[in-house]
Protein chains: 2
Amino acid sequence: MTLNNHTKKALESLKSSPLKTTKQRVDIIKILFSDGNNHFTAENVHNKIENLGLNISLATVYNCLNQLTENNIIKSVKTSCNKIYFDTNTTSHHHFFCKNSSTLIDIESKNIKISKLPKIPNGKKLDSIEIVVNLTE
Amino acid sequence: MTLNNHTKKALESLKSSPLKTTKQRVDIIKILFSDGNNHFTAENVHNKIENLGLNISLATVYNCLNQLTENNIIKSVKTSCNKIYFDTNTTSHHHFFCKNSSTLIDIESKNIKISKLPKIPNGKKLDSIEIVVNLTE
DNA sequence: ATCGTAAATTAGAATTATTCTAATTTAGTA
DNA sequence: TACTAAATTAGAATAATTCTAATTTACGAT
């Protein structure tokens with residue numbers, strides 16, 4: 001089983017992060033990054049684990065995904081369907097969200113542009129802009 | 001207790017909707033529209049009800065808010081804090097979301113502009129665009 | 001190599017927001 | 001005023017996620 005570049009990079013990021021390199025984290029990273037798809041819920045990941053005959057508890061899946069997120073190895077996306085999706089694309093980007101199929105599709109930053117932004121309220125500062133383009137079928 | 005225009009309009013909308021004009025719905029509309037604030041969770045509304053000495057069950061608050069939303073008397077907004085906020089502003093608009101205080105602030109449509117949008121994936125159609133400008137303090 | 005310790009994993013309980021259920025009450029029409 | 005579909009209610013159920021506390025593991029120091 002040769003690892004693709006995304007997986008290798010993510011495993012290196014894990015190694016250089018403060019997180020310990022546990023079997024579970026390595027397995028989860030392999031699952032996340034070896035797939036063509038970028039977007040996973042914790043349950044998606046847990047299902048893949050079970051299908052592969054691996055044994056990682058759902059709590060660990062959640063812990064792991066949250067810590068990978070905190071360490072910028074993956075990103076999380078909150079959608080209007082009230083589930084957290086984890087995204088292997090850590091670059092700044094936006095999303096299509098198809099309401100019928102509950103699927104996310106990346107929109108690269110260069111393909112969407114905001115030309116006017118309101119004044120930021122006093123005492124606050126800009127953190128990030130999230131654009132979700134909702135689709136129907 | 002004289003009602004402001006927003007409240008009067010919302011009560012008229014209720015009357016002309018298919019929904020029955022119940023005491024609970026009228027009370028909830030009064031609470032939503034008489035306040036300067038536009039954004040409420042179901043719990044916010046339920047707390048106000050209790051503080052006013054009224055007695056409306058949380059289930060009714062949820063039912064009512066959902067039905068007012070379905071009938072375009074209010075709108076609902078999903079935020080990254082995993083709670084549904086109900087918004088008395090039914091015009092097309094966007095939001096600031098302050099992560100520290102979990103507060104929403106309206107951004108009027110005219111104050112934000114998208115000048116470039118990616119091609120909509122085949123077989124799907126555009127439903128809506130949601131822009132959230134996340135703030136920190 | 002082994003030890004010690006902080007970190008990670010685990011199963012299952014807890015939590016949070018919301019929806020559902022089924023019995024009772026009510027609005028508004030006939 | 002009675003009838004009936006709709007609304008309300010308390011409390012149970014659900015779904016996604018987090019917490020708890022006991023056990024196990026990674027990995028730097030010995």
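This table checks each residue for (1) in contact with a helix residue (DSSP H, G or I) (Cβ under 9 Å, 6 or more places away or on another chain); (2) more than 9 Å from DNA strand D (Cβ to nearest atom); (3) farther than 26 Å from B:D106 by Cα.
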site	(1), (2), (3)
B:T22	yes, no, yes
B:R25	yes, no, no
B:I28	yes, no, no
B:F33	yes, yes, no
B:G36	no, yes, no
B:F40	yes, yes, no
B:L54	yes, no, yes
B:A59	no, no, yes
B:C64	yes, no, no
> Quick one: what pairs do we get from the range B:68-85, first residue within 14 Å of another protein chain (Cβ to nearest Cβ), second assigned to a helix (DSSP H, G or I), C-beta under 7 Å, 6+ apart or different chains?
Replying inline: B:K75/B:T69; B:S76/B:T69
> Since A:N55 meets every condition but one in (1) at pLDDT 95 or above; (2) open to solvent by 50 Å² or more (accessible area, probe 1.4 Å); (3) not in a helix (DSSP H, G or I), which condition does it not meet?
Replying inline: (1)
>> Restricting to the range A:69-98, name every residue that is away from DNA strand D (no atom under 12 Å from the Cβ) and not in a strand (DSSP E or B).
In response: A:N71, A:N72, A:I73, A:I74, A:S80, A:T88, A:N89, A:T90, A:T91, A:S92
> Applying the selection to the range A:92-111, what residues are of a type in the set (D, E, K, R) and more than 12 Å from A:T79 (Cβ to Cβ)?
Replying inline: A:D106, A:E108, A:K110
> When you scan the range B:106-137, how many residues do you find that are more than 7 Å from chain A (Cβ to nearest Cβ), surrounded by fewer than 13 Cβ atoms within 10 Å (Cβ to Cβ) and within 27 Å of the chain's Cα centre (by Cα)?
Replying inline: 3
> Are any residues in the range A:15-39 of a type in the set (S, T, N, Q) and more than 7 Å from DNA strand C (Cβ to nearest atom), and if so, which ones?
Replying inline: A:S16, A:S17, A:T21, A:S34, A:N37, A:N38
> Identify, please: which residue in the range A:58-83 is within 10 Å of DNA strand C (Cβ to nearest atom) and exposed (fewer than 14 other Cβ atoms within 10 Å of the Cβ) and is, among those, farthest from A:S102 (Cα to Cα)?
Replying inline: A:A59
>> B:C98 - would you say it is surrounded by 13 or more Cβ atoms within 10 Å (Cβ to Cβ) and more than 20 Å from B:F33 (Cβ to Cβ)?
In response: yes
> Just one of B:K15, B:K8, B:K48 is within 13 Å of DNA strand D (Cβ to nearest atom) and either within 14 Å of chain A (Cβ to nearest Cβ) or open to solvent by 50 Å² or more (accessible area, probe 1.4 Å) (or both); which is it?
Replying inline: B:K15
> What number of residues within the range B:33-47 satisfy the criterion of being of a type in the set (D, E, K, R) and over 14 Å from B:T7 (Cβ atoms)?
Replying inline: 1
> Are any of the residues in the range A:18-38 touching a residue at least 24 places away in the same chain (Cβ under 8 Å), surrounded by 19 or more Cβ atoms within 10 Å (Cβ to Cβ) and more than 17 Å from the chain's Cα centre (by Cα)?
Replying inline: no
> Does A:G53 satisfy the condition of being free of Cβ contacts under 8 Å to residues at least 24 places away in the same chain and more than 16 Å from DNA strand C (Cβ to nearest atom)?
Replying inline: no
> Here are A:T79, A:T88, A:T60: which of them is of a type outside the set (A, V, I, L, M, F, W, C), closer than 25 Å to B:K78 by Cβ and modelled with pLDDT of 95 or more?
Replying inline: A:T88
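The values are calculated or read from the model by the stated rules, or taken from the named source; none is laboratory data. If you're wondering where the values come from, they're calculated on a predicted model, not measured in any experiment. Heads up, the Cβs are rebuilt from the backbone with ideal geometry, glycines too, and the neighbour counts pull from every protein chain shown. When the accessible area is computed, the model is the full protein with side chains, heavy atoms only, and any ligands, DNA or RNA have been set aside. Shrake-Rupley method; radii C 1.70, N 1.55, O 1.52, S 1.80 Å.
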